[in-house]
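The values are calculated or read from the model by the stated rules, or taken from the named source; none is laboratory data. All values derive from a computational prediction rather than experimental measurement.
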Amino acid sequence: MTPLGALPAASYAASYGWYLAQTLLALAAVCLIAILALRYGLRRLSVFGGREGGRIKVVERVAVDARRSLYLVDVGGRLLLLGAGDGPMTLLAEIDAATLPPVPERRRLAFRDILSRASGRPER
């Protein structure tokens, strides 16, 4: 093993370049794994994501506060409004689907629009 002072300066640069390349490759691999896990893994774990039963569907969920939520659930064609909180889930009402107003269409905003709204600049 040679002392550090005995190596030429070019070998320092080559070894630092190799360490930088290894670090960037490892970072890219970790980012790729995180993206894949978020895109496909959470969809399977999510209530609204992938595991949708044939007879039971969660149509909508609204958080009332940090510990309480309302769920609109379709069970075999019947719409049930359920309340969930610290205790057990409670059936609040059975709703006729014909009486529900249509769901308003939500416009998906581009990141540029969200950023301009947050900064106070007018949207384009």
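Structure notes:
- Residue in region 49-105 that is nearest to residue 38 (Cα to Cα), counting only those that are basic (Lys, Arg) and part of a loop (DSSP other than H, G, I, E, B): 51
- Hits in region 109-124 (condition: modelled with pLDDT of 75 or more and of a type outside the set (Gly, Ala, Ser)): 111, 112, 113, 114, 115, 117
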